[in-house]
1. When a footprinting reagent is the concern and you count Cβ atoms within 10 Å, what order do Phe229, Phe116 take, fewest first?
2. Just Leu79, Leu134, Leu153 to compare: in a GNM of the chain, with alpha carbon springs under 10 Å, which one fluctuates most?
3. Just subtract the alpha-carbon distance of Ala137 and Ser158 from 0.36 nm times their residue separation and send over the number in nm, one decimal.
4. Are there trypsin sites (Lys or Arg not before Pro) in segment 145-200 that DSSP marks as loop and that have at most 13 other Cβ atoms within 10 Å, and which are they?
5. Give the cross-link partners of Lys150 among the lysines, using a straight C-alpha distance below 28 Å as the criterion and excluding same-chain residues fewer than 8 apart.
6. Can you give the charge dipole size of the chain about its Cα centre, rounded to the nearest 20 debye, using +1 on the beta carbon of Lys and Arg and -1 on the beta carbon of Asp and Glu?
7. With θ set to phi - 60° and the Karplus curve 6.51 cos²θ - 1.76 cosθ + 1.60, what are the ³J(HN,Hα) couplings of segment 39-46 in order, to the nearest whole Hz, using x for Gly and Pro?
8. Could you line up Ile45, Ile50 from fewest to most neighbouring Cβ atoms inside 10 Å?
Amino acid sequence: MSQMFQLYRLQQIDSQLDEAQERVLDIDRLLGDDTALNLAKTNAISAESILKDAINAQRRAEQNVGTQSIKIEQTGATLYSGKVRNPKELQDLENETAALKRYLEVLEERQLEAMFAEEDARKINQERSIELALVTAKSAREHKDLEEEKASLQRDISRLENERKATTNSIPDGDLTIYEQLRVQRRGIAVALVKDNFCAACGTTLSAALLYEARSPNKLTRCDTCRRFLYAG
Ligand SMILES: [Zn+2]
């Protein structure tokens, strides 16, 4: 195999390694990002707490109505017991009953509002619970897929690393050093393909002499502009 082909092969391996390693980093980021799940949890907890408060408020409102009704009954019982005969006292009792009844209406109104509020809170709580269940299931599915993809990428990476080792063994150290430097300087691409008559990496049109050189099997040719190795295939 030609020297140039070995470098080109190395470039292909490195590009695949770069891509796989980058994807593994992406996956790690995605696996560590629980924003959606945490939001759904927070919403569910908050809705549950609001419902609990609404239930308590509704109970208190109901008790207040009950207590007020008992007071009215008791005042009424005293009023009609025949025990109170003094007209002034009777008048006071009647006034008190009327006042108690007026306030009962207020309390009943509040109870009704508390019932509606509880109903709303119950509905929202149910929606949030369903949402949390859906998000949890979706997140579990996504995590499983990502873990599988990561495992497969890690197998690819270790295979590529072995291939890389075998390939670099047959490349002279000097060429390898230039290759590594170009990889750093040229965003990971040290070997450019020759497409028609130009360098596919930087787009420069290559001279006829350079094209001829690039096509000779055992010569290492580099682009005049980007200095990358040229592989004519
Ligand atoms: Zn170039």
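1. Listed from fewest to most nearby Cβ atoms, that is Phe116, Phe229.
2. Leu79
3. 4.4 nm is the gain from fully extending Ala137 to Ser158.
4. Those that pass, being in a loop and sparsely packed, are Arg187.
5. Reachable lysines: Lys41, Lys138, Lys165.
6. Roughly 680 debye for the chain.
7. 5, 4, 5, 4, 4, 5, 5, 5
8. Arranged by neighbour count, lowest to highest, Ile45, Ile50 become Ile45, Ile50.
Laboratory data are not the source of any read-out in this text; all were calculated from the coordinates shown. If you're wondering where the values come from, they're calculated on a predicted model, not measured in any experiment. Neighbour counts are summed over all protein chains in view; Cβ atoms, including those assigned to glycine, are modelled from backbone coordinates with ideal geometry.
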